[in-house]
Structures are given as structure tokens and as C-alpha cells.
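Presented below is the structure to which this report refers.
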Amino acid sequence: MDLNNLTAREITEKIKKREISAKETVEHFLKKIEKLDGKIHSFNSVFAQKSLKKAAEIDEKIKKKETVGILAGLPIAIKDNMCIKGEKTTCSSKILENYIAPYNATVIEKLEKEGAIFIGKTNMDEFAMGSSTENSAFHTTKNPWDLERIPGGSSGGSAACVVANMSTVSLGSDTGGSIRQPASLCGCVGLKPTYGRVSRYGLVAFASSLDQIGPLAKTVKDASLILQVISGYDEKDSTSIKIPVENYISEIEKDIKGLTIGLPKEYFIDGMDREVEKAVYNSVKIFEKLGAKIKEISLPHTKYAVSVYYIIAPSEASANLARYDGVKYGFRAPSDSLIEMYEKTRALGFGIEVKRRIMLGTYALSSGYYDAYYLKAQKVRTLIKNDFDAAFKNVDIILTPTTPSPAFKIGEKTSDPLQMYLSDIFTISCNLTGVCGISIPCGFSSENLPLGLQLLGKPFDEKTILRAGHNFQKETDYHKRFPEI
Amino acid sequence: MKITIKDVEYVAKLARLSLTIDEKNKFAGQLNAILEHMDELNKLDTEGIPPTSHAVVMENVFRDDKVEKSDVIDGIISNAPEKEDRFFKVKKVIE
């Protein structure tokens, strides 16, 4: 049976009906990884033996008619910044190259309980800092649609492996667009849940007030399935929120007649990529056809989001990454004194972008500059949040492009960090305000590169953006096209 | 230029990062460009606007202080670059 173009829902149904075994499923994806990953470089590690063993256990349970979870036998790839007990968690950094996680992240516990099988861990920008995976200490992931282009980042490995059919679904993390941007550039679905919806326990912290875990998948339906499993309050993460998890799987089947969609004029600017603009406006027409009402809105402080983000995120990062000092996490540079050990370990262990952000964050938090940068950024963050609160009084969801242009070439933006940062303009506000957002394939460029649209929803209203996205995918087939590799 | 090489050296010291001369030069230039862009925030009047440190407004979260069994200690210690028994080992701090 050809498993290539099946969704997670289809695979788990076939496994439960014993049309295919979990073992065959895992073998299929391991073969795909062996065949393709030498070109794509999605994975930092692959768990061949462990996943086959797990699959055999699930097959045995199904054979004995024991109860299995809703993801029984489904292979899933995990971004390499989430802890799987006994496995390396490298964050694609030299400083964690040999770090073995001593416990499971809560999302891993939840997925495992439902029978998901962890097939491998995916490449990323070092410590999730970047928009292209070029900041990985190990390798750059290639965009499956054009191997000379970046897959986006930081969850580039998680996006590329789904599109190249090396895994049907994956987990990523999103601090300023790190799930949605690679999903858009690779042509899959990527969901950033509301801040606090999914436990961050066991996710290596980058910027704690912005980080959130979410799924990447071919379809909105599959993303809903994974969200259903990983959501919920966790006493191990005091920032996860005690709000009941809704039934996403059934909610998305409802229609979108009467839904109000806002188009923020600040996201449709002069000089934006014509093909992106065309694809997004085309999608707006499809939503109209489905019964949605379209309304122009304004988010006046949009242009300040990049500056706010690149003060707040590096500030939080500089504090979070202080723990990598050569004492506890595997890597230590030889040295004569304690201070020298800290300085050398960090100099040799961190890559250039991580150092740059630690410098930027340390500067913004340092005495004499705190008010001018960090505090100012937090105040403007309030203004951006107020924009969204006001907009959501009049609309149910907000529709924007996910990225200003399709995937750029490897090396194109590495020499100018500011240009790289500015490419995050459309995804950042979602993290600053804590709302939820999803990127969905909405077209292709003349060079056959995927384009994505972004739907932003009210806090804890994932069901509405998922419902809109699922209805959109029933009308379109962009998510059914795959690259020839 | 807002940031001089001296500033870069001072911040690097705070961040416990030893930088090469090349890195210092590069960072001085790049941080200047980035901070210059960020100066756009000063165009906004934020008088009386409260800062947002977290998107979700939250009070302190408390839990009962109860003793629980933990099986992660060995796993944590086994990642140590140097250890002695169940302790992380570092260079002498106090002479």
C-alpha cells in the first residue's frame, strides 16, 4: 500500500482496521528517510530500532483487541528542542551536542499515551533563533521544492520532513513564527496555539513569554488531531492555562457561514510580493464563497512589531541561555579558572546568531539601557496587544499573508541579520499578543514555490481558525501537491 | 555610532562570552544597525502605557510544597562534564 499521500487520520484508521500494521507504517517512513534525508537534511537523529519496537507492541495490542490510543501507530517527528527521555536534545547547538534528556516533555508524554511513535528529531536554527535553519550547528535543511532554497525556520526540519513525506506530522515550536513561516515556505499546515494552551514543560526555553509548541501537518484536520492530544493545563508549567480543551476534531466540521474575517490593511502594503498578494486575495474570494464576511481592519502598530520582538525575545533569551556555562549540560571547554570556563565554553559552544542575540539582549537589559529598550518595548507590546483586542471586537478571525515572499535562496540573507529579522514581520505580532495562528497553503509562485496564508484567532479560539482552515482545504488542493525529489 | 568596541567588550563580559576581535568588530557594526532601526520605537508616545511582560495576565501561581519521588537525578548528573558522586564538579571558586 502506498502510504505517501495519506493523512494521519487515514493512517491511524487503517492501522486500527488492520489494513496495514504499525510496523509496516514505520518501515515505510524509515525507508523514505533513508532515501531522501541525505538530500533534505530534516533530521538530527532517527530512532529506527526504538520506533520499530514500539510499532510491534502496538500491533500486538491491536491483535489482542486491547484498547489503543487515537494516534496508535502514527509516526511523528519532533523538533530537537523537546525532551524525549534517554535521547539527545541538541537544539542544533554544539553546546548541547551530547546532552541526553533525563525526562520527557509533557507533549511527549501525551503523544506517547495515545500511541504515537517518535521516528526522529528534526533540525532547527540553533536554539530556535532564525528563519532558515542556516543557524543549525550541524546542517542546513533544504526546501523540498527547491534544494537551493531554505525551508524557513526555525522549525525547518519539521516542515520539510512533512512535505517530503518522511513523516506525516511533526511538532515544532513557535516564538516569532517558527512553525508558521516554515510551514508557509514548505507548503504545509503549521499551527501556533494560544500562549498557555500547550504545556512548555520539557521544551528548551528560548523566550519564555513567547514560546509555544504546535503541530505541522499536511491538513488542518491532522493539525486538529494533534492539537487535541497535546493541549491542556499542566501543573509542571505554571504558565499553561486552566481552560477546558474543546473538541477540535468535531468543531472543524461545521461551516463558516456568517464568520467575519478581517483583513488588516497594514499587512497588504506597497512593494509586497505580487504573487503572494494575488494568492492571498484569491483565498479571500474562496472564504467569501464559503459564506464568510470580509471586513477591512487596521492594526496600526504592526510596523513596530519587529523592533519590539527583537528586543524582548533576545532579552529573555540572554537570561534563559545563562544556564549553559559548562557545568551541567555536557560540553565544557578546558580552562584554568571558573570564569574562563564560562567564557570559553560559551564562546566555543554557541554559534554566531545565538551570540548576537545574547549580546543584543544583554545590552537591552543592562543598567542605563533597560528603560530605553526593554521597558519601551514592553510598552509598545501593550499597544500592539490593544490593536488586536480592538480588532477582535469586530471580527472573528484575521487573515494575512504568512510571509512577505516565497522561500529565499540559501545564503541570501545570512550576511545581513536585520534583513533576516524583517522577514518575520507578519508572524511576530501573534506571539507578542499571545493569540493563536495557523499557516495554510494557498498557492504557488511562478517558480513553483509554495505560498501560505495566515489565520489569526482570538485567545483560546483555535477551533475557529481550524474550522475556517479546514473548510478552505475542502475547496482547494494546494495541500495535495507534493514536490518531486 | 552608538555602540563602540568598548561597549561590545563590556556587554560580552556581562554575558560571559569571550569574543574574537573579528566578532567584536562585526557585532559593533550589526548591533548599531539593529539598534538604529529600533529607535523607531521612540517615535511612539508611551506615556502612561503599562508594560506587557506576558500576553496572558497572570497572578503568581502557587502549589502545595509536597515531597515527591523523582527519578531524574541520575539522568541529570550523567550529563555533567565532570562529576564526583552525585555532584557537579567545577574549578575551585574560593582560594
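A few remarks follow.
- Occluded residues from the range A:338-352, i.e. those whose accessible area drops by 40 Å² or more once the chain is not alone (1.4 Å probe): A:338, A:343, A:346, A:352
- Computing FRET efficiency as 1/(1 + (r/R0)^6) for residue B:13 and residue A:98, where r is the C-beta to C-beta distance and R0 is 30 Å, gives about 0.60.
- Applying the criteria of a DSSP loop state and at most 12 other Cβ atoms within 10 Å to the GluC sites (Glu not before Pro) of the range B:1-69 yields B:47, B:59, B:68.
- Pairs from the list A:265/A:409; A:35/A:218; A:110/A:480 with a Cα-Cα gap above 24 Å: A:265/A:409; A:110/A:480.
- Entries of A:94/A:192; A:61/A:254; A:94/A:463 with Cα pairs more than 31 Å apart: A:61/A:254; A:94/A:463
- Within the protein assembly as shown, the proportion of C-alpha pairs whose separation exceeds 45 Å stands at 12%.
- Between the range A:424-485 and the range A:317-356, the alpha-carbon centres lie 38 Å apart.
- Summed over both chains, the area buried between A and B is near 5300 Å², taken from the accessible surface of protein heavy atoms with a 1.4 Å probe.
- Sites listed here are trypsin sites (Lys or Arg not before Pro) in the range A:200-279 whose DSSP assignment is loop and whose Cβ has at most 15 other Cβ atoms within 10 Å: A:236, A:242, A:254, A:257.
- Put simply, the range A:265-384 fits an ellipsoid with semi-axes of 43, 19, 12 Å; these come from the alpha carbon gyration tensor as the roots of five times its eigenvalues, largest first.
- Surface composition of chain A: carbon and sulfur atoms hold 48% of the protein heavy-atom accessible area at a 1.4 Å probe.
- Counting only other chain Cβ atoms within 10 Å of each residue's Cβ, the peptide A:411-418 averages 2.
- Annotation note: GluC sites (Glu not before Pro) in the range A:1-92 located in DSSP loop regions with a Cβ neighbour count of at most 16 within 10 Å are A:19, A:66.
- FRET efficiency for residue B:86 and residue A:284, using Cβ-Cβ distance with R0 set to 45 Å, rounded to 0.05: 0.15
- The protein assembly as shown - accessible surface per residue (Å², probe 1.4 Å): 41 Å²
- Cα centroid of the range B:49-95 to Cα centroid of the range B:1-31, whole Å: 30 Å
- With a Cα cut-off of under 25 Å and a minimum spacing of 8 residues unless on different chains, the lysine pairs in the range B:1-44 number 8.
- Computed from the C-beta positions of residue A:389 and residue A:257, the FRET efficiency with R₀ = 22 Å rounds to 0.30.
The values are calculated or read from the model by the stated rules, or taken from the named source; none is laboratory data. The model shown is predicted, which means the values in this text are computed figures rather than measured ones. All Cβ positions, glycine included, derive from the backbone under ideal geometry; neighbour counts span all protein chains shown. Keep in mind that these areas ignore ligands, DNA and RNA; they rest on the heavy atoms of the full protein, side chains included. Shrake-Rupley method; radii C 1.70, N 1.55, O 1.52, S 1.80 Å.
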